[in-house]
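Some notes on the structure that comes next.
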Amino acid sequence: MEFSFLYAIPRSSLLDAFFLGVTKIAGSYGQLWVAIALLLLIFKRTRRAGISLLIAYVGVFLLGQYVLKTLISRPRPCQIDTAFPLLVSRPSSSSFPSTHSAWAFGGATAIFLRHKKAGIAAYVVAVLIGFSRLYLFLHFPTDVLFGALMGVALGFVADRLTAFGEKKLRR
């Protein structure tokens, strides 16, 4: 069923270029979100969102990249159907969860909880990043869905941890 969804995605040279660009902007390890966090840290008004974003990023890196990908070790669609024409190099890491999606939704959530308008824009970017993983045949829909949910959860946790730390520092 998941392959049926992936095969049904319309593809064209224009979409190829667009989603390749989205993936390159996101970075191989979600570096876009680190850059955004560092930018947010510069300004006092956005510093809390920047700290939360960094905490969420590290949470995804540890839980998603090291724990879940290793434990679950699910092959990627492009590792199963090697005849599908890829636009990127075939990754060697496992598929579940999509850490690109988790970093994107974790970052968007961290921003949204402090700055609604910027957070909505970040969610639009997160959706594009998540879909790019499907379009490029690198993840199954459930990888992206779980990654998005994990990212949202870690974004909330990071915001609460940041609030807790802020409260402790004021005392």
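The values are calculated or read from the model by the stated rules, or taken from the named source; none is laboratory data. Fair warning: this is a prediction, and the values are worked out from it, not measured in the lab. Every residue, glycine among them, receives a Cβ derived from its backbone with ideal geometry; neighbour counts consider all protein chains shown.
All conditions but one from (1) buried (at least 20 other Cβ atoms within 10 Å of the Cβ); (2) touching an Asp or Glu at 6+ places or on another chain (Cβ under 9 Å); (3) closer than 22 Å to Phe3 by Cα apply to Thr109; the one that does not is (3).
Here Leu138 meets the list (1) surrounded by 17 or more Cβ atoms within 10 Å (Cβ to Cβ); (2) more than 27 Å from Asp16 (Cα to Cα) almost entirely, failing just condition (2). Of all residues assigned to segment 81-102, at least one qualifies as being aromatic (Phe, Trp, Tyr), in a loop (DSSP other than H, G, I, E, B) and surrounded by fewer than 24 Cβ atoms within 10 Å (Cβ to Cβ). When the helices (runs of 4 or more DSSP H) confined to segment 1-53 are screened for residues that are of a type outside the set (Val, Ile, Thr) and under 14 Å from the mean Cα position of the chain (by Cα), those reaching at least 2 such residues are found at 13-26, 31-42. Every listed requirement among (1) surrounded by 12 or more Cβ atoms within 10 Å (Cβ to Cβ); (2) over 17 Å from Leu113 (Cα atoms) is met by Ile51 save one, (2).
Output the residue which, of all residues in segment 137-171 that are among the aromatic types (Phe, Trp, Tyr) and part of a helix (DSSP H, G or I), is farthest from Leu68 (Cα to Cα). Filtering segment 137-171 for residues that are among the aromatic types (Phe, Trp, Tyr) and part of a helix (DSSP H, G or I), the one farthest from Leu68 (Cα to Cα) comes out as Phe164. Taking the criterion of being among the polar types (S, T, N, Q) and at pLDDT 95 or above, the residues of segment 11-45 that qualify are Ser12, Ser13. Within segment 101-126, the set of residues being touching a residue at least 12 places away in the same chain (Cβ under 8 Å) and out of contact with any Phe, Trp or Tyr (no Cβ under 9 Å at 6 or more places or on another chain) comprises Arg114, His115, Val125.
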